[in-house]
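Scroll down for the structure; my scribbles are underneath it.
The values are calculated or read from the model by the stated rules, or taken from the named source; none is laboratory data. None of these values were measured; they are calculated from a predicted model. Heads up, the Cβs are rebuilt from the backbone with ideal geometry, glycines too, and the neighbour counts pull from every protein chain shown.
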């Protein structure tokens with residue numbers, strides 16, 4: 001949206017560059033929020049996401065440049081701490097609301113460290129559909 005607005009307000013803007021950016025960007029905040037959420041399944045603030053990885057927010061919150069720098073730190077921390085990221089993502093999966101049954105039950109069992117065999121999965125499906 002920002003790119004479209006910028007191009008529409010600046011007659012000298014290169015529309016091809018704007019189209020390229022729009023079709024090749026990654027919304028890093030949305031990407032991060034797929035893996036880290038609060039107990040109710042809501043996206044966390046950047047500050048709270050950083051805290052999960054033991055990082056203090058650097059700069060002024062909601063300042064675009066400071067937010068971008070801190071988001072980059074968060075992304076880096078996600079890659080350097082795959083075990084912590086996996087633990088947080090398991091929480092997200094366990095609380096997911098839009099999974100078809102019996103997947104939530106399977107995920108909850110796995111998140112608790114239990115084993116779910118193919119036979120267990122078949123039994124859960126049979127229980128669900130009967």
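For residue 58, state whether it is within 30 Å of residue 111 (Cβ to Cβ), exposed (fewer than 12 other Cβ atoms within 10 Å of the Cβ) and free of Cβ contacts under 8 Å to residues at least 24 places away in the same chain.
No, not satisfied.
Among the residues of region 61-81, what is the count of those that are exposed (fewer than 10 other Cβ atoms within 10 Å of the Cβ) and within 14 Å of the chain's Cα centre (by Cα)?
1
Go through (1) closer than 23 Å to residue 83 by Cβ; (2) under 12 Å from the mean Cα position of the chain (by Cα) one by one and return the number of the condition residue 47 breaks.
(2)
Exactly one condition in (1) under 30 Å from residue 122 (Cβ atoms); (2) in contact with a strand residue (DSSP E or B) (Cβ under 9 Å, 6 or more places away or on another chain) is not met by residue 93; state its number.
Just one mismatch for residue 93, condition (2).
Is region 80-95 home to any residue that is farther than 15 Å from residue 35 by Cα and part of a loop (DSSP other than H, G, I, E, B)?
Among the residues of region 80-95, not one is farther than 15 Å from residue 35 by Cα and part of a loop (DSSP other than H, G, I, E, B), which makes the answer no.
Give the residue that is farthest from the chain's Cα centre (by Cα), with candidates limited to residues of region 110-130 that are in a helix (DSSP H, G or I) and closer than 19 Å to residue 84 by Cα.
110
Look through region 22-44, keep the residues that are closer than 17 Å to residue 86 by Cα and assigned to a loop (DSSP other than H, G, I, E, B), and return whichever of them is nearest to the chain's Cα centre (by Cα).
34
What are the pairs, 6+ residues apart or on separate chains, where a residue within region 79-100 that is in the same structural domain as residue 39 (by TED's automatic domain parsing) and touching a residue at least 12 places away in the same chain (Cβ under 8 Å) has its Cβ under 9 Å from a residue that is in a helix (DSSP H, G or I) and exposed (fewer than 13 other Cβ atoms within 10 Å of the Cβ)?
From residues that are in the same structural domain as residue 39 (by TED's automatic domain parsing) and touching a residue at least 12 places away in the same chain (Cβ under 8 Å), the pairs are 85/79.
Could you say whether any residue in region 61-70 is farther than 17 Å from residue 33 by Cβ, assigned by TED's automatic domain parsing to the domain that holds residue 127 and part of a helix (DSSP H, G or I)?
no
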